[in-house]
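Trainee: Pasting in a structure now, in structure tokens, and then I'll have a few things to ask.
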């Protein structure tokens with residue numbers, strides 16, 4: 001029995017190495033068509049709704065969305081729309097941080113302005129849009145003292 005122990009150890013080591021050498025299995029995403037995700041405040045009022053013609057979930061940390069439409073609300077019982085953000089190409093939503101990112105063109109519309117640009121991030125908690133390239137802002141409100 002003492003002589004068989006080294007053989008069993010060798011076979012066990014060989015089996016573990018074989019398993020480690022197997023190629024990693026690719027995770028198949030969950031795909032949803034005409035996807036929608038409403039988010040609410042602690043009080044139960046609508047805060048934001050994300051929509052897309054297609055959403056792919058690889059994990060709970062990231063959802064990739066095509067033809068994204070984000071509608072943000074004021075967060076009270078009136079459910080007044082604050083802004084609408086549109087991205088026709090691929091964007092990624094990170095639910096834990098409530099952040100959405102994209103590389104292609106984005107368009108943000110509010111009553112008082114419209115913004116377009118590329119390589120963007122929307123942080124819902126901070127109510128902030130960051131644009132890295134080709135930013136363009138059109139104000140729809142008077143700015144009488146802007147040059148003072």
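The values are calculated or read from the model by the stated rules, or taken from the named source; none is laboratory data. Keep in mind that this is a model prediction, so the values were computed, not measured. Every residue, glycine among them, receives a Cβ derived from its backbone with ideal geometry; neighbour counts consider all protein chains shown.
Trainee: Going through region 58-78 one residue at a time, which ones are within 10 Å of the chain's Cα centre (by Cα) and crowded, with 17+ Cβ neighbours inside 10 Å?
Mentor: 63, 64, 65, 68
Trainee: How many residues are loosely packed, with under 10 Cβ neighbours inside 10 Å and either at pLDDT 90 or above or on the phi > 0 side of the Ramachandran plot (or both) when one looks only at region 28-50?
Mentor: Counting residues in region 28-50 that are loosely packed, with under 10 Cβ neighbours inside 10 Å and either at pLDDT 90 or above or on the phi > 0 side of the Ramachandran plot (or both) gives 4.
Trainee: Just one of (1) modelled with pLDDT of 90 or more; (2) in a strand (DSSP E or B); (3) farther than 16 Å from residue 127 by Cβ trips up residue 58, so point out which.
Mentor: Failing condition for residue 58: (1).
Trainee: Given the condition modelled with pLDDT of 95 or more and outside any helix (DSSP H, G or I), answer yes or no: does some residue in region 5-27 qualify?
Mentor: no
Trainee: Are any residues in region 61-82 in a loop (DSSP other than H, G, I, E, B) and either farther than 13 Å from residue 95 by Cβ or at pLDDT 95 or above (or both), and if so, which ones?
Mentor: Within region 61-82, 74, 75, 76, 77, 78, 79, 80 qualify.
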